[in-house]
Amino acid sequence: PAIAGPYDYGVMGPPATPAIVEAALKAVTKPMPPGPFKPTWESIQENYKTPSWFEDAKFGIFMHWGIYSVAAHHNEWYEKYMYAGGADTQWHLQNFGPLDVAGYKNLIPLFTAKNWDPDAWAALFKKAGAKFVVPTAEHHDNFANWDSQVTPYNAMRMGPKRDLIGDLGKAVRKAGLKFGFSNHGMENFTFVNPSNAINEQLKAEKADLYDPAWEAFYNVADRSDAAMTRFLTDWVNRNLELIDKYHPDILWFDNGVNLRVLDPLKLFVAAYYYNSALQWGKEISISTKFNAYAPSNDDKKQIGSILDFEKVSARSPAGIRPGPWMVDDPIGSPSWDYT
């Protein structure tokens, strides 16, 4: 489908420039916690250690659960496909209605989690033999599954109207397991690319993707440099909030953070997280894919990150690799979420 906006959406993260990244980081107001970690590759390499608990963990549970679970169709990229003008758009129209009145945002009230029992989940995970649990704090759709003061688009204010990350974290830790979460949010700025027909219709009607009240949720109507700067500042602030509120044992980032131009933002979050953990007295780690935390672009030379491989059949490592790593594989279908 055609693309609304001037950018190359083949990249997973926002096509920022060094100036945009610098401006975004300058707008972050939370101070760096005291500690030995500085936002440089040299400092993180010098001070980082892989958590001892991870060396023995062997098995964890990683879940995708969010607004896309309402549709439970195709996969967790439902939002992207429903605006593309193809078969998934037709499926959405038949099951939910026209996009101007039944857009992705209109699925939020249907994401109620009314029967959810986090203690039952934690008990099941422990029975399965898991040693750590990683729910999705935020996927590409920009919806926060936690009680957030940074973004209004969150599960405490909308949808379930409860703190999904906080409630599950309490249950998991009570069961004696390590708890972290994933953040896929960096990819949101370039995620929704409507077909020409859908884009023109919604733009003309100022509906859904172009509704001013939801502009910052979708990040389609305004993809200017200024909007991208605000988005990147918001990405940092959301991570700092997650770190401060929930003290994660592991913080997992998706492909969107791989771009080298984003290094100053990634380094600030890493140093903030690692200094915070020293104050908590906890062993923690970031986990990323490919070269996100490998500034040499050699994924065997990770700095401050546990290397993650997506799917055994597609990308798992051959032979013996240096350093810690893990592989994610879906259960029962190619999709990461329930369909």
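The values are calculated or read from the model by the stated rules, or taken from the named source; none is laboratory data. Everything numeric in this text was worked out from a predicted model, so none of it was measured. Neighbour counts run over all protein chains shown; Cβ positions are idealised from the backbone, glycine included. Surface areas here come from the heavy atoms of the whole protein model, side chains and all, with no ligands, DNA or RNA. Shrake-Rupley method; radii C 1.70, N 1.55, O 1.52, S 1.80 Å.
The table below lists the values:
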{"read-out": "Nonlocal amide H pairs with S285, under 5 Å, H built at 1.01 Å", "value": "I250, L251"}
{"read-out": "In sequence order, calculated HN-Hα J values of the stretch 43-60 (Karplus, 6.51, -1.76, 1.60; Hz; x Gly/Pro)", "value": "5, 5, 4, 5, 9, 7, 9, 5, x, 5, 5, 5, 4, 9, 6, 6, 9, x"}
{"read-out": "Burial ranking of peptide ranges 74-84, 178-188, 223-233 (average Cβ count within 10 Å, highest at the top)", "value": "178-188, 74-84, 223-233"}
{"read-out": "DSSP-defined antiparallel bridges as percent of all bridges, the chain, nearest 5", "value": "5 percent"}
{"read-out": "Dipole magnitude (debye, nearest 20) for the chain, charges at Cβ of Lys, Arg, Asp, Glu", "value": "920 debye"}
{"read-out": "Simple Cβ-charge dipole of the stretch 60-119, Lys/Arg +1 and Asp/Glu -1, about Cα centre, in debye nearest 20", "value": "120 debye"}
{"read-out": "Extension gain from Q45 to R321, taking 0.36 nm per residue of separation minus the Cα-Cα distance", "value": "97.5 nm"}
{"read-out": "Solution diffusion estimate, µm²/s, Stokes-Einstein, the chain, Kirkwood Rh from C-alpha pairs, 4 °C, viscosity 1.567 mPa s", "value": "63 µm²/s"}
{"read-out": "Rg and Dmax of the stretch 220-284, Cα atoms only, in Å", "value": "13.4, 44"}
{"read-out": "Shape category assigned to the stretch 20-65 from the gyration tensor of Cα positions, a/c cut at 1.5", "value": "oblate"}
{"read-out": "Over the stretch 102-230, volume per residue of the alpha carbon convex hull, in Å³", "value": "123 Å³"}
{"read-out": "Distant-in-sequence amide H partners of F309 (H built 1.01 Å from N, under 5 Å)", "value": "M326, V327, D328"}
{"read-out": "Paramagnetic label zone (point 7 Å from Cα along Cα-to-C-beta, M158; backbone N under 12 Å) in the stretch 214-242", "value": "214-219"}
{"read-out": "Top positive-direction residue, dipole computed over the chain with Cβ charges, set A27, V261, W121", "value": "W121"}
{"read-out": "Calculated from backbone phi, Karplus (6.51, -1.76, 1.60) coupling profile of the stretch 155-160 in Hz, x at Gly/Pro", "value": "6, 7, 8, 10, x, x"}
{"read-out": "Average accessible area per residue (Å²) across the chain - probe 1.4 Å, nucleic acids and ligands excluded", "value": "43 Å²"}
{"read-out": "Within the accessible area of the stretch 86-180 (1.4 Å probe), percent carbon and sulfur", "value": "53 percent"}
{"read-out": "Semi-axis lengths (Å, descending) of the ellipsoid that matches the C-alpha gyration tensor of the stretch 184-269", "value": "29, 14, 12"}
